[in-house]
Every structure is written in structure tokens, then in C-alpha cells.
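This report concerns only the one structure given below.
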Amino acid sequence: MTPEQVRVLSLVEQQIQMNRPDDAQGLLDQVAGELDQEPRVWWSKATIAQMRGDPATAEQALVRTAQLDPEAPFASMALGDLLYGQERVDEALSAWRDAHARDPGFKPATLHLAEYLLSTGDAAGAIEVLSTSLRRGDDPALLTMRAQALSTAGRNAEAIADYRSAVAASRRAPQTLRNLATALVADGQIAEGEAKARQALDAAPRDPNLWQVLGRALEARNALAEAQGAYEKAIEIDPVHPGAHRDLAHLTWARTGDIDQVVGRLDQAMAGAVGVSPLIVVKAKLLETAGDLAAARKLLSEAAARPDAPNYLLCAASQILVDSDRLQAATLAATAVSRAPGDTFGLAVLAEAQLSAGDIDGALITAGRICSLAPHNQHGLALLATAQRLKGDPAYKALYDYDALVSTTVLETPDGWSDLAAWLADLKTALAELHGHAAHPVGQSLRGGTQTTVRLDHSDNPAIQAFFKAVDAPIRAYIAALGQGDDPLRSRANGEAWRLSGSWSVRLTPGGGRHVDHLHDAGWISSAFYVDLPPSVLADGDQGSLRFGQPGTSTRPALEAEHRVKPQPGLLALFPSYMWHGTEPFDGDQLRLTIAFDVIPG
């Protein structure tokens with residue numbers, strides 16, 4: 001280029017920065033014919049076209065820019081963004097991959113591509129992309145996203161290692177310490193998670209997010225009053241902080257069961273929020289949990305009618321309206337999916353609405369889409385199986401083969417106890433100390449009872465430790481009995497290796513205590529172990545029994561349970577995490593105490 005051409009192009013770029021597309025185009029016309037092979041000219045053409053709202057011209061210019069500058073990633077990345085905005089998702093993905101391939105060290109393209117892959121459930125693809133870029137050296141942002149992808153894939157130890165590396169690469173930046181603390185708490189490493197949160201607070205004491213993480217660590221070790229204080233501190237710093245308000249509301253409800261106290265606090269926070277507050281959904285879930293379904297429906301349906309209602313609000317409204325206004329539920333879910341066609345949660349909400357409306361073929365297509373995007377998505381598998389059952393598809397029987405896939409065994413007495421009853425008595429005492437709440441948790445399947453907040457497999461109580469040693473052999477035997485196969489359960493087996501993704505205890509009260517039908521999103525194999533049972537459950541009949549096959553979402557026609565397990569003290573039941581399961585209510589005046597855990601491949 002001549003000096004004059006360089007000067008004119010610089011002026012073009014200045015006009016673009018000043019948001020003057022017409023002036024920029026006028027200057028560009030002076031040199032464009034002479035510089036047809038210059039990438040800067042085509043890049044400017046693309047930018048001006050986008051500013052003018054001319055996506056077709058912008059697309060052509062970006063394609064030409066990428067052709068003329070085969071090593072630079074900028075045009076391919078911008079082309080991907082443009083195509084994605086037009087819902088041309090496959091073409092957008094191809095463009096983003098091209099940008100990453102041109103320069104794996106170009107961090108924006110790597111993060112953009114990985115974020116998209118994660119959003120569609122392709123954690124393995126995101127890990128591969130991020131690992132390619134990280135070969136050039138540690139970067140806190142890339143390490144953090146790879147840790148998120150590893151966590152999504154159930155590879156928690158590797159995720160925590162990446163969070164640690166991000167802390168080191170950032171020179172112990174508070175945000176990376178917060179991420180590490182959050183991951184440690186989620187993994188049950190409560191003491192270290194709390195310590196990392198406090199270290200971060202030393203550097204950033206006015207960060208409300210850090211106080212929220214500390215609150216979660218304290219709650220996880222049953223320091224409930226201290227946890228409440230941490231959440232209160234976060235809200236003092238940021239009076240409309242949605243996460244802290246949510247966690248405080250859930251904790252207050254669990255400790256007191258006083259819905260008026262919780263809702264009053266949320267109403268005050270929402271009054272100070274700008275726009276649509278995510279606390280609308282928090283309030284609705286609390287009202288539903290407390291049994292005021294009518295109020296929850298009214299709140300969400302009115303909020304979802306707002307033109308600025310975000311997708312999560314549309315999905316929440318669809319879920320709560322699915323039994324009372326099927327058409328509106330389906331409309332809301334379809335709107336959410338149209339905005340984000342690759343969001344598996346939105347697709348699951350739509351499939352639920354379709355099942356409720358009797359649109360079985362639609363549900364088959366939607367659930368199949370979930371399983372295509374995320375083959376190990378347990379919710380998607382459950383919805384697909386439900387649609388297959390309604391359709392009379394024999395493929396359902398393979399997924400819900402109760403004889404082959406639901407196993408029960410009475411555990412052997414652990415070393416150190418004279419008999420099973422003695423060990424179960426000690427286990428009951430140990431678990432009772434961990435049930436510190438007064439009400440059932442929000443957003444869980446539990447009704448009429450309490451659930452522990454501490455991961456049991458990290459307990460140092462001998463009776464609890466003995467439990468996790470005792471279940472190893474039955475779990476390995478269950479995996480071995482599955483055999484080989486390409487179905488969603490067997491295809492994930494890695495020999496007999498397994499590890500826990502969560503463990504907890506549930507204490508149900510007589511009368512209304514039960515689990516509504518549900519599945520376990522974070523599992524592969526799930527469980528129920530019976531520690532202490534009331535006479536009404538031990539007697540003949542189905543009281544307090546574990547049932548399978550009744551969907552946790554409404555269907556047309558309605559579907560009933562197909563299989564039941566009769567509880568007995570010391571009995572361990574193992575089954576696929578995607579199987580719908582719940583419990584029958586029971587009467588009397590004694591509690592029903594159990595342990596549950598989820599297993600993922602080792």
C-alpha cells in the first residue's frame with residue numbers, strides 16, 4: 001500500500017470507531033477498488049455492513065477477509081458470531097473451529113468455541129479445544145473454563161487441579177481462589193474450601209461473591225448460624241445480590257420452615273432490583289415447596305408475560321404451569337427453545353410440556369435432541385424412555401428392564417460390630433447429629449422431612465466410614481453384572497471402577513414424608529440404603545416402599561409405577577440414575593432414615 005492508502009484506511013477505521021458508518025464508507029470507496037486483495041479493506045466493509053444492519057454483505061466480506069488472511073483468526077470468529085445470531089448454528093460452529101485452528105493461542109476464539117461446546121453438552125469437545133490452547137502455557141481464564149468442562153464431565157479431581165493451576169497462574173487472584181473454594185466445597189473438601197474462601201476474603205473483603213462461597217462452605221459443615229451470617233454480609237455489601245438472597249432464603253426456610261419470614265425478605269430485595277429479578281423464581285420455588293402452588297403459579301405466569309422475561313423465567317413458568325395450563329406451558333417452553341435451540345435444560349422443559357399435552361411424537365423428537373446433544377444427560381434419557389413407553393416402543397423395555405437393572409442386597413456387617421443391628425444403631429446415631437434442619441430443602445424431591453448438607457463420604461465417623469467400605473463390593477458386583485453394551489448405562493462402564501458424585505442422608509416423617517418421583521441428574525448409578533424403618537414400613541403392604549416407573553412429570557395418559565422395592569434395615573438398592581423413582585407415604589409415629597449416593601464411572 002502507498003502511504004496515502006494507509007492514511008485513508010486509518011481514517012476509515014477512525015470513523016468506524018466513532019460510529020459513523022456512512023463517512024467510513026465514503027472514505028473506503030476511495031481506495032477499495034485499488035486494494036481488492038487487502039484484508040483490512042474487507043474487514044472494514046464487513047464492519048460497516050454490520051453497523052448498517054446488512055448481514056448478507058457483512059457475511060460475504062468476512063468470508064473474503066478470512067480467505068485473504070489465512071492465518072488470522074479474527075474474521076472467522078466474527079463470521080461465527082454473525083452466523084450464530086442468525087441461528088445458523090452448524091455453520092457458526094464451523095467458523096469458530098476455523099478461528100481456533102488458525103491460531104490456538106488466540107484466547108477469545110478458544111473461549112468462545114469452548115463455551116459454545118459446553119452449552120450444548122459437549123464437555124469432551126470443550127476439554128480438547130482448551131487443552132490444545134493450554135499447551136502454549138497456563139492461562140487463568142483457559143484453565144478455569146477447562147476446569148468447568150472437566151467438572152461437567154464428572155472429572156472432579158482434574159477440575160480441582162486446573163483450579164489450583166489457575167490460582168498459581170493468576171498469582172492468587174481472589175476470583176481464582178473463589179473458583180477453587182467453590183469446587184472444593186462441591187467436592188466435599190469443606191475445610192480446605194473454607195480456608196481458600198477466607199484467603200480470598202483477606203484480599204477482597206468487599207466481594208459479596210466470596211462471602212456467598214464462604215456461606216456455602218459453612219453450611220456444608222453444618223455451621224448454620226455462621227453460614228447465615230456470611231450470606232447476610234454478602235447482602236449488606238450488595239443488597240440485591242441474587243445468589244446470596246437465594247442461599248439465605250433456602251437456609252432460613254430449612255432452619256425454620258417459616259415461609260412468611262423468607263418471602264418477606266425476598267419481597268424487600270425484589271423491590272430494589274432493576275428489571276426482571278431472578279429472585280422471582282426463588283420466591284416461586286419456595287412457595288411451591290411450602291405447598292402454596294396457586295401463589296407460585298400466579299407469580300411466575302405474570303412474570304413470564306413480561307416482554308423482557310429471560311429464558312430461565314420462561315422455563316420455570318412452563319414447569320409450574322404444566323399441570324394447570326398445558327397450552328401456555330408448551331408455548332413458554334417453545335419460546336425458550338427458539339431462543340436457545342442447543343440448551344438441553346430448555347429442551348427438557350419443552351419435552352415435559354409435550355408429554356403433559358399428549359404430544360408424544362413431539363416429545364420423542366425433543367428428548368432425542370437432548371440425548372443427541374448430551375448422550376449422558378439423565379433427564380433426557382428419562383424423558384425419552386417416558387415417550388417411548390407412551391408410544392409403545394419396545395426400546396423402552398431396554399432402558400427400564402427392572403429385573404436386570406434394579407438390584408437389592410443386604411450389606412455384610414462391617415468389621416468392628418457384632419452384628420448388623422448394632423452397626424445400624426450406631427449409624428442412626430451418627431446420622432441424627434447431621435440432620436440440623438427443620439424443613440425439607442427447596443428444589444429437591446423430598447417432602448416432609450430433612451436432608452443432610454454435608455457429604456457423608458467425607459465424614460470421619462467410624463460408622464459412616466464403614467458404610468462406604470461396605471458398599472464397594474455390591475457396587476462392583478452390580479457393574480460387573482451389567483455386562484457390555486452400547487446402551488446409555490453399560491456404555492459408560494470402565495471395568496468395575498466407580499467413584500461417588502454425591503452422598504447424603506434423608507429422614508422422612510410419617511404422614512406426609514415421601515420423595516416425589518424424580519431422577520438423579522448428576523449420577524450414573526443411584527442408590528437407597530435403609531438404616532432405620534418404622535413398623536408401618538416393615539409391615540405387609542407398600543407403605544414407605546421405593547417405587548419405579550411413575551414419571552416425575554405429568555403425562556397424557558397418566559402412567560403408574562411398574563416396580564417396587566420393599567425396604568428392610570440394611571438393604572441397599574442400586575439402579576440407573578435416569579430411572580424415575582419415588583417413595584410411598586407411610587403412617588405411624590416413627591421416622592424413616594436412609595442414606596443415598598450417586599456413582600459415576602471411575
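Numbers below:
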quantity	calculated
Some residue of region 403-413 being surrounded by 16 or more Cβ atoms within 10 Å (Cβ to Cβ), outside any loop (DSSP other than H, G, I, E, B), touching an Asp or Glu at 6+ places or on another chain (Cβ under 7 Å) and at negative phi	no
Selection status of Arg206, without any contact (Cβ under 8 Å) to a residue 60 or more places away in the chain, within 20 Å of the chain's Cα centre (by Cα) and farther than 23 Å from Ser505 by Cβ	no
Some residue of region 16-32 being in a loop (DSSP other than H, G, I, E, B), over 44 Å from the mean Cα position of the chain (by Cα) and over 24 Å from Glu91 (Cβ atoms)	yes
Qualifying residue in region 520-530 (condition: out of contact with any helix residue (DSSP H, G or I) (no Cβ under 8 Å at 6 or more places or on another chain), of a type in the set (D, E, K, R) and outside the structural domain of Ala353 (by TED's automatic domain parsing))	no
Of residues in region 279-311 being over 20 Å from the mean Cα position of the chain (by Cα) and not in a helix (DSSP H, G or I), the one farthest from Thr252 (Cα to Cα)	Pro307
Breaking point among (1) at pLDDT below 95; (2) part of a helix (DSSP H, G or I); (3) surrounded by fewer than 14 Cβ atoms within 10 Å (Cβ to Cβ), for Ala438	(2)
Of the criteria (1) under 30 Å from Pro474 (Cα atoms); (2) modelled with pLDDT of 95 or more; (3) surrounded by fewer than 20 Cβ atoms within 10 Å (Cβ to Cβ), which one Ala385 fails	(3)
Restricting region 108-118 to residues that are closer than 16 Å to Glu128 by Cβ and not aliphatic (A, V, I, L, M), the residue that is surrounded by the most Cβ atoms within 10 Å (Cβ to Cβ)	Thr110
Check on Ala244, in a helix (DSSP H, G or I), in contact with a His (Cβ under 6 Å, 6 or more places away or on another chain) and crowded, with 21+ Cβ neighbours inside 10 Å	no
Residue in region 484-507 that is closer than 18 Å to Thr413 by Cβ and at pLDDT 95 or above present	no
Among (1) part of a loop (DSSP other than H, G, I, E, B); (2) surrounded by 17 or more Cβ atoms within 10 Å (Cβ to Cβ); (3) over 28 Å from the mean Cα position of the chain (by Cα), the one test that Val531 misses	(1)
Long-range neighbours under 8 Å by Cβ, at least six apart or interchain, first residue free of Cβ contacts under 8 Å to residues at least 40 places away in the same chain within region 263-276, second assigned to a loop (DSSP other than H, G, I, E, B) and loosely packed, with under 15 Cβ neighbours inside 10 Å	Ala269/Pro239; Gly272/Pro239; Gly275/Asp308; Val276/Arg306; Val276/Asp308
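The values are calculated or read from the model by the stated rules, or taken from the named source; none is laboratory data. All figures in this text were calculated on a predicted structure; none of them were measured in a lab. Using ideal geometry, Cβ is built from the backbone for each residue, glycine included, and neighbour counts are taken over all protein chains shown.
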